[in-house]
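Data first, discussion second: the structure below is written as structure tokens.
Please treat every number below as a calculation from the coordinates, not as lab data. Owing to the predicted nature of the structure, the values given are computational and were not obtained by experimental measurement. When we count neighbours, we look across all protein chains shown, and the Cβ atoms used for this are built from the backbone with ideal geometry, even at glycine.
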Amino acid sequence: MAMGNTLKERFLARKAFAGDIAAATAELSALWFESGRAIEVVHKLARAVPVSENVTAEKVQAEVGELATVLESRKPQAGKTK
């Protein structure tokens with residue numbers, strides 16, 4: 001059962017907040033995605049995962065690779081406007 005966030009939806013629906021939301025989105029995108037910081041954090045956290053019979057190093061690396069691909073897709077494309 002998925003539940004939304006009513007307050008968030010109300011803010012997103014109001015044109016009065018559109019500029020603030022766009023500015024915050026651009027700032028966070030630059031901070032985490034464009035800078036590569038999000039991927040750095042994923043790699044750092046992956047190094048802290050203890051390897052076991054159920055959680056192999058290969059499994060961790062595969063999961064990191066999948067997540068890194070998703071994070072890379074969040075980077076704005078050159079010449080692309082939002």
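The set of residues in segment 31-60 that are of a type in the set (A, V, I, L, M) and touching a Pro at 6+ places or on another chain (Cβ under 9 Å) is empty. Residues that are exposed (fewer than 11 other Cβ atoms within 10 Å of the Cβ) and not in a helix (DSSP H, G or I) were ranked within segment 23-77; the one that is farthest from the chain's Cα centre (by Cα) is Glu53. What are the residues in segment 13-22 that are in a helix (DSSP H, G or I) and either over 19 Å from the mean Cα position of the chain (by Cα) or surrounded by fewer than 11 Cβ atoms within 10 Å (Cβ to Cβ) (or both), if any? The answer is Ala13, Lys15, Ala16, Phe17, Ala18, Gly19, Asp20.
Can you tell me which residue in segment 1-55 is nearest to Glu72 (Cα to Cα), limited to those that are among the β-branched types (Val, Ile, Thr) and touching a helix residue (DSSP H, G or I) at 6+ places or on another chain (Cβ under 9 Å)?
That would be Ile39.
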